[in-house]
Structures are given as C-alpha cells and as structure tokens.
Amino acid sequence: MWWDILLGILIALLFSWLLLIAALVIIRPDAGLLKDALRILPDLLRLLRRLAADKSLPRGVRIRLALLMVYLATPFDLVPDFIPVLGYADDAIIVTAVLRSVVRRAGLPAVRQHWPGTENGFTALCRLTGIATPARAREVDEATDGQ
C-alpha cells in the first residue's frame, strides 16, 4: 500500500514539474529582461537580505523572503540551470512572484527604502516585477485622464 502512495506522489511531482516546464516555455521572458535581471542581481540579493532583516515589516513578508533566499542558495532548482534560458528563468519568475507579493504586503516605499543600487537599477527592478513606480503611476494616470 505504501508503494502505491509513494508512486502516486512521484507521478504527481513529475507531472507538476512537466507543467512548470511547459509554462516556462510558453511565457519565457525576453532576453532584455533576463539581462536586466542579471545586471541588478547583486543589488537584488542585498535588497532581499535587508527586507528580510527589517523587523518593521510583517512577519509573513520576512518569512517569504527567508524562504526565497534559502531556495536561491540551494544547489537544486525546479529547472536545472544547464537548460538554456529556462534554467535561469525559473529563478527569475520565482523572485518576481515573491517581490510582487512583498510589495503588495509591505508597500513600495519599504522596497525603495531598502534598495541598495542606483535609480536605474530600481527602475529595472520595477520593470522586471511589474511594480509601478510613483512616476510611472502618474504617467498612466495622466494618459488615462486624457481619454
């Protein structure tokens, strides 16, 4: 009986992994976004560490960030890094999802306060994660007011 349970779990994990690979192939990020992600990677890692250490942020945010850093530090990935483009895309997608969650919960000012890099780097981070900076939000508001 326990073999059936183990086999069922393994099949479910394999199926889930194959679905993840298919999703990454379909929504593969373009080369420009991956280059931006690699360029700001050192600043991004410092940002994650600073946010995780900020006691003023909600505990759930800090736990998500800590789990993300553990995932990034482990040598095992959902998609091995030797697979071209997709090997690094899974990490970028997971970091993006966690950062979006952090911004929704902690707010953009907290992320901006802890950003260790340049203004261009922060703009690239916002573009990568789909976070609207205050300047970008004003541009969108002005564009929609004219319609």
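Brief remarks on what is shown
- Each residue, ARG127 and ARG59, gets one label point 7 Å from its Cα in the Cβ direction; the gap between the two is 3.9 nm.
- In this structure, LEU13 and GLU119 have a Cβ-Cβ separation that, at R0 = 35 Å, corresponds to a calculated FRET efficiency of about 0.25.
- By the count of neighbouring beta-carbon atoms within 10 Å, fewest first, THR74, THR129 end up ordered THR74, THR129.
- Residue order, fewest to most surrounding Cβ atoms within 10 angstrom, among MET69, MET1: MET1, MET69
Throughout, read-outs are computed from the coordinates displayed, never taken from laboratory work. Values in this document were obtained by computation on a predicted structure and should not be read as measured data. Note that we place each Cβ from the backbone using ideal geometry, even for glycine, and neighbour counts take in every protein chain shown.
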